[in-house]
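Student: This structure is in structure tokens; I'll ask about it shortly.
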Amino acid sequence: MTKPVFRFAPSPNGQLHLGHAYSALLNADFARRFGGRFLLRIEDIDIARCRPEFEAAIHEDLAWLGLTWELPVRRQSEHFSDYRVAFLQLKERGAVYPCFCSRKDIAAAIACREAETGRPSPRDPDGTPLYPGTCRSLSGEEAERRIAKSEPHAWRLDSAGLQHILPGPYHYRRFDREGREETVAADPRRWGDTVIVRKETPTSYHLSVVVDDALQGITHVVRGQDLEAATDLHVLLQVLLGLPTPLYHHHGLVLDPMGDKLAKRRQSTSLAEARAEGIDPQDIRRRLGF
């Protein structure tokens with residue numbers, strides 16, 4: 001019988017905090033209890049923000065917590081060719097289209113639509129207004145002409161077209177701390193025409209994480225509740241690309257004293273700072289319920 005495979009996949013764009021520690025420890029705990037494997041993956045597709053010193057700090061922090069993982073560690077920046085292959089599959093299926101809009105263009109189109117309708121624009125699960133579909137109606141010839149001129153563009157999922165190609169329904173399996181499973185309905189349509197290949201990067205979080213999970217044989221994805229809605233989109237990509245769908249567990253988030261989610265951009269106390277203050281890793285484990 002194949003062993004379960006878990007992974008912790010941080011981005012080296014800042015210091016790890018207690019929320020990261022909880023997710024890493026929970027993944028390792030699941031792997032131990034289920035007799036599985038524990039992998040570390042470095043999600044560094046954002047080359048502009050990810051730094052080697054933060055990547056080195058990830059290894060140091062996790063080792064300080066007493067975690068070990070299999071080698072080699074997969075670094076996304078070394079595997080853009082894998083994501084390119086997946087993107088070409090989506091393009092071949094007619095699942096994506098090029099988008100030449102800038103953020104300013106999109107904001108203006110949304111404002112215009114809201115003024116015409118007198119209603120707020122529909123939003124995705126993260127609260128961002130859905131893309132108004134400006135470039136969806138471009139002819140193939142026009143799109144190719146603009147691409148040939150090296151005009152900056154992203155690639156978006158054609159959510160309307162996919163309703164005819166793969167109308168669903170979509171489902172995935174969710175598991176809890178005791179290993180009990182249940183089937184959950186997924187609704188990728190609520191994400192609209194989301195970006196699958198970014199202008200500045202030849203992939204996106206959504207595409208790369210789905211490809212990586214499949215290539216690494218990940219069977220159980222354990223991550224925060226803030227990514228639960230994204231699973232709907234990942235299930236759709238797995239179906240489009242013919243990839244297996246792992247089991248999913250979305251854990252509660254570690255909050256600060258104000259009740260807000262810990263985040264690098266809020267400068268939440270890092271594990272490195274806790275270590276410098278003399279806090280023992282066992283204290284961290286106990287605080288987080290391990």
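Nothing in this text is a laboratory measurement; each read-out follows from the coordinates by a stated rule. As the structure is a computational prediction, the values presented were derived from the model and not from experiment. For neighbour counting, all protein chains shown are included, and Cβ atoms are generated from backbone atoms with ideal geometry for every residue, glycine included.
Student: Given the DSSP H assignment, sum -39500 (n - 2.57) over each helix run of at least 4 residues in the chain and divide by its residue total; what's the result at 222 nm in deg cm²/dmol, nearest 500?
Tutor: Value at 222 nm, helices only, nearest 500: -11500 deg cm²/dmol.
Student: Run through segment 156-261 and list the GluC sites (Glu not before Pro) located in a DSSP loop whose Cβ has at most 12 other Cβ atoms within 10 Å.
Tutor: Within segment 156-261, the qualifying GluC sites (Glu not before Pro) (loop, at most 12 other Cβ atoms within 10 Å) are Glu178, Glu200.
Student: If you compute Cα extents along the principal axes in Å for the structure shown, which of [x] 60, 43, 37; [y] 59, 45, 32; [z] 62, 48, 42 do you land on?
Tutor: Step by step, Cα extents along the principal axes in Å for this structure corresponds to label [x].
Student: If R0 is 51 Å, what FRET efficiency do you get for Ser150 and Glu116 from their C-beta distance, rounded to 0.05?
Tutor: So, using R0 = 51 Å, E works out to roughly 0.95.
Student: What FRET efficiency, computed as 1/(1 + (r/R0)^6) with R0 = 35 Å and r the Cβ-Cβ distance, is obtained for Val239 and Thr68, rounded to the nearest 0.05?
Tutor: Working from the Cβ atoms, E equals 0.50.
Student: Something else: Identify unpaired cysteines across the chain, taking unpaired to mean no other cysteine Cβ lies under 4.7 Å from the residue's Cβ.
Tutor: Cys50, Cys101, Cys112 - these cysteines have no disulfide-compatible partner (Cβ-Cβ under 4.7 Å) in the chain.
Student: Now for a separate question. Magnitude of the Cβ-charge dipole of the chain, K/R +1 and D/E -1, about the Cα centre, nearest 20 debye?
Tutor: 200
Student: Sketch the reach of a paramagnetic label on Ala56 as a point 7 Å from Cα along Cα-to-Cβ, and name the residues of segment 22-50 whose backbone nitrogen lies under 16 Å away.
Tutor: What the label zone holds, given the 16 Å backbone N cut-off, is 50.
Student: Just need the relative contact order of segment 139-222 here, percent rounded to a whole number, with Cα pairs under 8 Å and 6+ apart.
Tutor: The normalised contact order for segment 139-222 reaches 28 percent.
Student: Something else: What residue among Gly179, Gly127, Gly14 has the largest mean-square fluctuation in a Gaussian network model of the chain, using Cα springs under 10 Å?
Tutor: Gly127
Student: Would you give the gap between the C-alpha center of segment 1-32 and the C-alpha center of segment 107-171, rounded to a whole Å?
Tutor: Spelled out, the Cα-based centre of one part sits 34 Å from the other.
Student: For His251 and Thr2, FRET efficiency with R0 = 22 Å and r from the beta-carbon atoms, rounded to 0.05?
Tutor: According to the calculation, E is roughly 0.40.
Student: Treating only the Cβ atoms of Lys and Arg (+1) and Asp and Glu (-1) as charged, compute the dipole magnitude of segment 80-238 about its Cα centre; round to the nearest 20 debye.
Tutor: Roughly 340 debye, rounded to the nearest 20.
Student: Lysine pairs, Cα distance under 29 Å, 8 or more residues apart or cross-chain: how many in the chain?
Tutor: So the count of such lysine pairs works out to 10.
Student: Sticking with this one: Compute the acute angle (0 to 90°) between the alpha-carbon long axis of helix 52-64 and the principal axis of greatest extent of the alpha-carbon atoms of the chain; round to the nearest 10°.
Tutor: 40
Student: Along the charge dipole of segment 80-238, which of Pro167, Ile196, Gly224 sits closest to the positive end, that is, farthest toward it, with unit charges on the beta carbon of Lys, Arg, Asp and Glu (+1, +1, -1, -1)?
Tutor: It is Ile196, whose Cα lies furthest towards the positive end.
Student: While we're looking at this one, here's another question. Compute the angle between helix 230-241 and the longest alpha-carbon principal axis of the chain, please, reported from 0 to 90 degrees and rounded to the nearest 10.
Tutor: 70
Student: If you don't mind, there's one more thing I want to ask. How far apart, in nanometres, would the label points at Gln225 and Ser139 be if each is projected 7 angstrom from Cα along the Cα-to-Cβ direction?
Tutor: 5.1
Student: Let me ask something else. Report, to the nearest 10°, how far helix 80-92 tilts away from the longest principal axis of the Cα atoms in the chain, using its own Cα long axis and a range of 0 to 90°.
Tutor: Once rounded, one gets 40 degrees.
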